[in-house]
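The values are calculated or read from the model by the stated rules, or taken from the named source; none is laboratory data. All figures in this text were calculated on a predicted structure; none of them were measured in a lab. Here the Cβ positions follow ideal geometry from the backbone for every residue, glycine too, while neighbour counts run over all protein chains shown.
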Amino acid sequence: MSTNKRRIAVLGSRSVGKSSLIIQYCQNEFVESYYPTIESTFAKTVNFKNAEYDCEIIDTAGQDEFSILNSKHAIGIHGYVLVYSVSSRNSFEMIQVVYDKIINFCGVTDIPCVIVGSKVDLEKSRQVKPEEGLKLATDNATAWVETSAKSNINVGRVFELCLSEIEKRTPNNQAE
Ligand code: GDP
């Protein structure tokens with residue numbers, strides 16, 4: 001079984017739960033008050049569809065539409081996870097802005113990408129309907145899923161979808 005390296009960047013507004021999602025995925029825990037101020041990288045080896053993937057997951061620290069995408073997040077990245085919180089419409093509106101920035105920066109029309117509606121356990125304060133998330137994903141030809149890092153809902157699914165989006169666009173496992 002060959003091992004493939006995949007670099008995945010996780011982007012989105014501040015406090016949408018990017019770190020919590022990655023920590024739940026890589027370390028199987030929910031840390032209530034984890035406030036990183038700098039960017040960090042996590043590693044996880046994943047078996048997916050009969051292949052082994054060494055995933056490097058980059059937890060980005062951008063805060064607004066100007067700093068959210070740094071040029072280093074557009075080079076050498078195989079796939080993107082764009083996170084909004086279902087309880088924050090502003091964070092949802094930021095997704096199209098970030099998506100367009102990546103597309104423009106990379107000079108491509110299509111990127112392997114999963115749009116994630118996080119904090120789905122906060123149903124009472126929901127501001128973004130599932131249909132709106134799905135429509136945004138369909139309009140941009142990306143995958144989409146709603147998650148909760150706190151309740152451990154669909155966390156693994158995010159990264160499986162991302163690997164799958166990467167493989168779709170990379171025939172014969174040739175991602176470099
Ligand atoms: P980041 O800035 O996007 O990396 O967000 P964090 O992971 O630091 O999370 C921001 C805040 O949201 C923290 O107080 C987390 O405990 C909380 N949070 C993260 N994920 C969830 C979730 O799935 N459900 C709930 N209810 N809170 C969450």
Original post:
For I115, all conditions in the list (1) among the β-branched types (V, I, T); (2) out of contact with any helix residue (DSSP H, G or I) (no Cβ under 9 Å at 6 or more places or on another chain); (3) surrounded by 23 or more Cβ atoms within 10 Å (Cβ to Cβ) hold save one; what is the number of the exception?
Top reply: (2)
Original post:
From the list T3, T41, which residue is at pLDDT below 95, surrounded by 11 or more Cβ atoms within 10 Å (Cβ to Cβ) and more than 13 Å from the ligand (Cβ to nearest atom)?
Top reply: T41
**OP:** Could you figure out which of (1) farther than 11 Å from A9 by Cβ; (2) more than 10 Å from the ligand (Cβ to nearest atom); (3) at pLDDT below 95 isn't true of V158?
**Re:** (3)
**OP:** Tell me, please, whether a residue that is within 15 Å of the ligand (Cβ to nearest atom), of a type in the set (S, T, Y) and at pLDDT below 95 can be found in segment 53-67.
**Re:** yes
Original post:
Which condition does F105 not pass, out of (1) under 30 Å from T170 (Cβ atoms); (2) within 16 Å of the ligand (Cβ to nearest atom), if it passes all the others?
Top reply: (2)
Original post:
For segment 12-30, which residues satisfy the criterion of being surrounded by fewer than 17 Cβ atoms within 10 Å (Cβ to Cβ) and near the ligand (Cβ under 7 Å from one of its atoms)?
Top reply: R14, S15
**OP:** Answer yes if at least one residue in segment 90-99 is among the small types (G, A, S) and modelled with pLDDT of 95 or more, and no otherwise.
**Re:** yes
Original post:
Is segment 122-139 home to any residue that is within 17 Å of the chain's Cα centre (by Cα) and at positive phi?
Top reply: no
